[in-house]
Amino acid sequence: MQGVIFDIKHFAIHDGPGIRQTIFFKGCPLSCWWCHNPESRNIELLCEETTDMIDGVKVNSSNIQGNKYSIEEVVKEINKDVVFFEDSKGGVTLSGGEPLIQHEFVKKVLLECKRMEIHTCVDTTGNISSDVIIDISGVTDLFLYDLKHIDDSKHIKYTGVSNSRILRNLKLLDELKKDIWIRFPLIPGFNDDESDLLRMMELLSKLKHTYPISILPYHKIGSHKYRRYGIDYKMEGINEPTENQILRVHNMFTNAGFVSTVGG
Ligand code: SF4
């Protein structure tokens, strides 16, 4: 069995507690307008044709994004960072894309981490079958759970999929008493409408447990990739949020009694 992995980040400090190794799986069922890694959404290892301008000259090249790894190869990578996990109370985070598309391989990695007594995080869009969520919940210490928009029609417009399964799985994880960090990508004009935010808070307040919320301000890093890979870029002219816009949303969450942080 092999996993299709886009990238492995060592010494990650924003993907869960402590120092982590974040393993980015290739493939995603969403197509968010603001995605920083649009070339990672396809699970296939395709040869991508790219065009760069070097000193005003067009240079065409082709390269393959990602690699196939066996479980043994992933464990070898994880072992490189074990000493940092121990010192910082960190661990391994499986991210993507949507890692749970490759849930059989992901579960094996999580089981290996458990065998080595390493803390595990899964960073998920939640847009996956409930059976998969239940299956991996027993070997996952913490879920990083993306909530992009509470309004279903806007969610469909900006990500290409409905949020109904995402919200159902969030409730399911809550019922399973799992630890969750909510991750909210803040995109001005897209998901910072006051009434939408109030609806999101209402939903979160109905969960049995209270979870910290990380506000992730949209940034334009990665926009050049759309040109590079010839993908339609829909965020042209959309600005990164100002400090005041971030503060406003942060205050809304904290005033409503949630633990809210910016970034991470
Ligand atoms: S969920 Fe993440 S990886 Fe998937 S399209 Fe959206 S931003 Fe990109």
(request) Take Phe143 and decide whether it is surrounded by 15 or more Cβ atoms within 10 Å (Cβ to Cβ), within 14 Å of the ligand (Cβ to nearest atom) and of a type outside the set (D, E, K, R). (result) no
(message) Quick check on this structure: which one of Ser214, Ser205 is of a type outside the set (Val, Ile, Thr) and surrounded by 13 or more Cβ atoms within 10 Å (Cβ to Cβ)?
(response) Ser214
(request) Inspect the range 64-72 for any residue being closer than 27 Å to Ile128 by Cα, away from the ligand (no atom under 13 Å from the Cβ) and part of a helix (DSSP H, G or I) and give the result as yes or no. (result) yes
(message) Yes or no: the range 42-54 includes at least one residue that is within 30 Å of Ile238 (Cβ to Cβ), surrounded by 19 or more Cβ atoms within 10 Å (Cβ to Cβ) and either in contact with a Cys (Cβ under 6 Å, 6 or more places away or on another chain) or free of Cβ contacts under 8 Å to residues at least 40 places away in the same chain (or both).
(response) no
(message) Looking only at the range 2-27, filter to residues that are in contact with a Phe, Trp or Tyr (Cβ under 6 Å, 6 or more places away or on another chain) and not in a strand (DSSP E or B); which one of those is surrounded by the most Cβ atoms within 10 Å (Cβ to Cβ)?
(response) Lys26
(message) Suppose we keep only residues that are crowded, with 19+ Cβ neighbours inside 10 Å and either charged (D, E, K, R) or under 12 Å from the mean Cα position of the chain (by Cα) (or both) within the range 28-39. Which one would you say is farthest from the ligand (Cβ to nearest atom)?
(response) Glu39
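Those residues that are assigned to a helix (DSSP H, G or I) and either surrounded by fewer than 22 Cβ atoms within 10 Å (Cβ to Cβ) or without any contact (Cβ under 8 Å) to a residue 40 or more places away in the chain (or both), I need them from the range 129-140; list them, please. Spell out how you get there, then give the answer.
Quick first cut of the range 129-140, residues assigned to a helix (DSSP H, G or I) only: 130-137.
Scanning the range 129-140 gives Ser130, Asp131, Val132, Ile134, Asp135, Ile136, Ser137.
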(message) Which residue is nearest to the ligand (Cβ to nearest atom), if the candidates are limited to the range 154-197 and must be over 15 Å from Pro217 (Cα atoms) and in contact (Cβ under 8 Å) with a residue 60 or more places away in the chain?
(response) Thr159
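State which residue is surrounded by the most Cβ atoms within 10 Å (Cβ to Cβ) when the search covers only the range 98-128 and only residues that are part of a loop (DSSP other than H, G, I, E, B) and within 16 Å of the ligand (Cβ to nearest atom). Full working, then the answer.
Applying the first criterion (part of a loop (DSSP other than H, G, I, E, B)) to the range 98-128 yields 98, 116-118, 125-128.
When the remaining residues are screened for being within 16 Å of the ligand (Cβ to nearest atom), the result is 98, 125-128.
On the way: Glu98: 23, Thr125: 26, Gly126: 21, Asn127: 22, Ile128: 19.
By that ranking, first place goes to Thr125.
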(request) For Pro188, work out the one condition from (1) surrounded by 15 or more Cβ atoms within 10 Å (Cβ to Cβ); (2) at pLDDT 95 or above it doesn't fulfil. (result) (2)
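The values are calculated or read from the model by the stated rules, or taken from the named source; none is laboratory data. Owing to the predicted nature of the structure, the values given are computational and were not obtained by experimental measurement. Glycine gets a Cβ as well: all are built from the backbone with ideal geometry, and neighbour counts include every protein chain shown.
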